[in-house]
Amino acid sequence: MEAEKKAISLLSKLRNELQTDKPIVPLVEKFVDTDIWNQYLEYQQSLLNESDGKPRWFLSPWLFVECYMYRRIHEAIIQSPPIDDFDVFKESKDQNFFESQQSIIALCTYLQELMKTIEDLEDNQLKDEFFKVLQISLWGNKCDLSLSGGDTSSQKTNIISSLEDLKPFILVNDMERLWSLLSNCKKTRERASITRVDIILDNSGFELITDLVLADFLLSSKLATEIHFYGKTIPWFVSDTTIHDFNWLIKQLKHSNHKWMSKCGVNWENHIKMGRWVYLDHMFWTLPHEFSAMSQVAPDLHAELQKAHLILFKGDLNYRKLTGDRKWEFTIPFHQALNGFHPAPLCSIRTLKAEVQVGLQPGQAEQLSASDPSWMTSGKYGIFQFDGPL
Ligand SMILES: O=P(O)(O)OC[C@H]1O[C@](O)(CO)[C@@H](O)[C@@H]1O
Ligand SMILES: [Mn+2]
């Protein structure tokens, strides 16, 4: 109880700093990333003129301040042993999973049915199925909890039957290019050589299920032979996946009473055991840096990603970090907005929740603004935006 009281008082202090636009203060508790965070704060300070004073909540870049808020929430927890490994968002993440049960059952059933015939599918049928699981994973990204302030945001309808109706909401659609890349890898792959797809995960609960369905499909269709998943080392943006969420979810499936749900759980655990699926994390994903800084700030991670044949970045926050969260012209090429970040061919799979979007056709953004003013932030629109081999 003493620890809880302490954490709550630290969190109240944080809320007060935020609400009254106080200066952003350095982190105090020693942790693996403390020095890097404090250096980044100094860098933000260096961008200001003398007269502008200190970085502050209402004034500093949103990407930085929003990441900092989640890192300070974590600081309040690690400063309060013995509850220093408590995940303040765990309850809402689990709730999202349980509330999405029906959709999860539908997905697991769909996947297991597909598995029965996958070996016999013609190329064009396989491509159709690939596009389906990609779209499932895209719309799975609607269900994050940070947009709703942690309120429930689960998937209650059957996503598979909605795919056709949702197609007009895909603003950039590079699915064909993903197919070309992976089907080419499959055709030209020598025996025993590998095709590795890395998935930079976003939210736990329903979205994670959709990502695992995609990952399982990639293996079963032989479009890939190995999947590396990246999650977060600390609770992040309410719903993001940590190793505990990842393991918890697979266990939930495995022990489910539903035949196909538990089959998925068993298969997925097996993928992990056999090393076909590898879960990794790295502190870089919970730093405030944009991805073009990765080769400098986290060269080991950058070198690791270079070994992938394709990297899929799930979610809105990853898109903001890919593009540096800048006020880009809507028509600027994605490649340019990446600002030199290209460890391997990569694709953003994201529903739009923040005001950054590049690579649109001339006039497309203007048309959207006229017909649907909240198009950039409602999560209603989505993209598959690919930056191919150089
Ligand atoms: O889980 P996702 O798709 O990264 O969404 C997180 C997004 O939600 C917000 O926290 C609130 O809209 C954005 O700032 C952030 O980019
Ligand atoms: Mn998220």
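Coordinate-derived values only; no laboratory data. A quick note: this is a predicted structure, and the numbers were derived from the prediction, not measured. So basically every Cβ, Gly included, is an ideal-geometry build from the backbone, and we count neighbours across all protein chains shown.
Table for the structure above
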read-out: The chain: angle of helix 123-140 to the longest principal axis, Cα-based, in degrees nearest 10; value: 30
read-out: The stretch 180-298: projected area of the alpha-carbon convex hull, averaged over directions, in nm²; value: 8.7
read-out: Given 90/353; 6/90; 5/93; 259/380; 5/90; 251/314, the pairs whose alpha carbons are separated by over 25 Å; value: 259/380
read-out: Stokes-Einstein D (µm²/s) once Rh is taken as the Kirkwood radius of the chain over alpha-carbon pairs, at 20 °C in 1.002 mPa s; value: 98
read-out: Cα pair distances of the stretch 174-220 binned at 10 Å [whole percent]; value: 22, 48, 26, 5
read-out: For residue 229, residues with placed amide H under 5 Å, excluding near neighbours; value: 199, 278, 279, 280
read-out: Using alpha-carbon coordinates, inclination of helix 243-254 to the longest axis of the chain, degrees; value: 40
read-out: Efficiency of FRET from Cβ geometry, residue 355 and residue 20, R₀ 30 Å, rounded to 0.05; value: 0.75
read-out: Reciprocal of mean inverse Cα separation for the stretch 218-281 (Kirkwood radius, Å); value: 12.7
read-out: Around residue 9: net Lys/Arg minus Asp/Glu count, Cβ-Cβ under 14 Å; value: +1
read-out: Residue order, fewest to most surrounding Cβ atoms within 10 angstrom, among 188, 233, 351; value: 188, 233, 351
read-out: Alpha-carbon centroids, the stretch 35-64 and the stretch 221-275: separation in whole Å; value: 38
read-out: Neighbourhood net charge (12 Å Cβ-Cβ; Lys/Arg +1, Asp/Glu -1) for residue 267; value: +2
read-out: Folded to 0 to 90 degrees: helix 175-188 orientation relative to the chain principal axis, Cα; value: 60
read-out: Compactness index (Cα Rg / 2.2 N^0.38 Å), the stretch 234-350; value: 1.26
read-out: All-pairs Cα distance distribution in the stretch 1-131, expressed in whole percent, bin size 10 Å; value: 10, 26, 21, 15, 16, 11, 1
read-out: Radius, Kirkwood style, for the stretch 37-113 when every pair of distinct Cα atoms is counted (Å); value: 16.2
read-out: Cleavage-rule hits, trypsin sites (Lys or Arg not before Pro), the stretch 310-390, DSSP coil, Cβ neighbours within 10 Å at most 12; value: 327
